[in-house]
Amino acid sequence: MALYAALDITGLDAGLALAVADDYSPTAAEEHEGRLTVFFATAIDRDRAGEALAAQFPAAHTTTRDVDDEDWARRSQQNLKPVTVGCITIAPPWSLTPVINSQPVIPNLQAANLVLIIEPSMGFGTGHHATTRLCLAALQMVDLTEAFVLDVGTGSGVLAMAARRLGARAAVGIDTDADAIQSANENLQLNPDLNGVAFERGDLYVALSSPAFLSSLMVLPSSQPGSARTTVDVVTANLTGALLIRSAELLVNAVRIGGHLVLSGLMQSEQSAVLEAFADRTVPISVASEEEWAGLLLRRTL
Ligand code: SAH
């Protein structure tokens, strides 16, 4: 039976603990009676996260555990209920939420109740994290009709699929993590009406540094007959503040002038640094926050 490397954390605010753990590729987290448990793909990542937490927050108490996956799945499934952000509801497969409207193109968004079925798994992105909700809210501020969307760090695939539900013509999600791509593809199968969505394993630095990358995506046809697609209309990137800053130029390059970037994964304390990293070629359209997290909607100007 597969075992997952888990770190139990007490004596520290869950948001702060997750912000530190986030640099070590956590795959899932759950909070129960004041104890935060963060799951990692490997024991090495888990142990490094534990050391970083101990160094930054000496008062925090951490213990390591190996959890079998059935146990994790059972408990997390009990915890996960549908989450609604604006007109979109993220529901687990066993939820009683009726699939009221599964049309991908919605003439009247306000009146719509769009449902996405997402299986809680080790992939991040069930709608239970504030940063996913901030991205879902920002996506609804953009007219996605006929848009081509690139979701960088797709996790469960939630943002790519949501973009398509909200009217985008096509959406591609990329992620470095093979498990994330697998869970995104499984989630896509749970929403069989969603065509025009694809997931590919890839690192944003490699993918977005390659001029051929966007034009190679079959689901994103070229912008004009005979010319390769080099940009999309919207990039979503729910990563970390540090990663957004480091990859700002590549992310902006991937969006057409006048197109939008939906960014989250940054903490409010990182907001001004992230805005600064994008300031040369974008203007902020919306800056929102939930808990200690921030969500940004930027428009590319240059
Ligand atoms: N988009 C989902 C998941 C965000 S979690 C949501 O909004 O809920 C961030 C994801 O980014 C993780 O799945 C992680 O594997 C991925 N990631 C981290 N660094 C990356 C990189 N350099 N290139 C591509 N994906 C990356």
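Summary of values
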{"item": "Debye intensity ratio I(q)/I(0), log10, segment 136-260, q values 0.10, 0.23 Å⁻¹ (C-alpha model)", "result": "-0.26, -1.54"}
{"item": "Estimated vicinal HN-Hα couplings, Hz - segment 238-244 in sequence order (Karplus 6.51, -1.76, 1.60; Gly, Pro = x)", "result": "9, 10, 10, x, 5, 5, 4"}
{"item": "nm² value of the averaged projected area, convex hull over the Cα atoms of segment 115-205", "result": "5.3"}
{"item": "Cα convex hull of segment 1-43 - mean projected area over all directions, nm²", "result": "3.1"}
{"item": "Packing-based order for 158-171, 273-286, 180-193, 132-145, using average beta carbon neighbours within 10 Å, highest first", "result": "158-171, 132-145, 180-193, 273-286"}
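Each reported figure results from applying straightforward, stated rules to the coordinates on display, with no laboratory input. This structure is a prediction, so every number in the text was calculated from the model and none was measured. Cβ sites come from the backbone with ideal geometry, for glycine too, and all protein chains shown count toward neighbours.
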